[in-house]
Amino acid sequence: MIVLKNILVPTDFGEAAEAALRYGRTLAATFGADLHVLHVMDNNFLQARFADPTTIEAAARKDLHVRAEADDRRRFQTHAVIKKFDAPPDAIVTYAKSAAIDLIVMGTHGRHGAAHALMGSVAERVVRTAPCPVLVVRHPEHEFITDVGDLTPVVA
């Protein structure tokens, strides 16, 4: 039997992360798990910025709370978390360890070739170092979750 008590969905507020959040919500509701939504901000100490870091953090916090919808809070416990870290994969893995995460659900852009070689893959690094299973959702390939929020497969 699979027991999931804590599900982590890292987000950069992009489309791939939104797809992963749909999966995370559905899994949290299905298993009665807590849903953790994590955004990793650059550790901007000693970095030149054109915008006030507190303004950037406030905007990110607002976006996180919007994603943790009122309906989510009625169905399961949600945690909106912002961490400042130099490397997003390290922040995700560190948070997963500290919060006893049972499953990480994250999006990927599915880059290939030169783009992958230059930018690397956050999802790939998390899969290699995570203390728990990682479900990687590629957007916009194949969706299994319907609009009604169940895990019924959808014919693509």
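Taken together, the values in this text are just the output of simple stated rules run on the coordinates, not laboratory data. Owing to the predicted nature of the structure, the values given are computational and were not obtained by experimental measurement. All Cβ positions, even for glycine, are placed from backbone atoms using ideal geometry, and neighbour counts span all protein chains on display.
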Here the gain from full extension of residue 18 to residue 138, 0.36 nm per residue of separation minus their alpha-carbon distance, amounts to 42.1 nm
Hits in the range 3-29: amide N under 17 Å from the 7 Å Cα→Cβ extension of residue 41, namely 11-14
Between residue 82 and residue 3, the FRET efficiency computed from the C-beta separation at R0 = 25 Å comes out, to the nearest 0.05, as 0.35
For residue 97, counting only lysines whose alpha-carbon sits under 18 Å away and dropping same-chain residues fewer than eight positions off, the answer is 5, 83, 84
Once residue 59 and residue 31 are pulled to full extension, the length gained, defined as 0.36 nm per residue separation minus their Cα-Cα distance, is 7.0 nm
Simple SL model, points at 7 angstrom along Cα→Cβ for residue 75 and residue 124; separation in nm is 3.3 nm
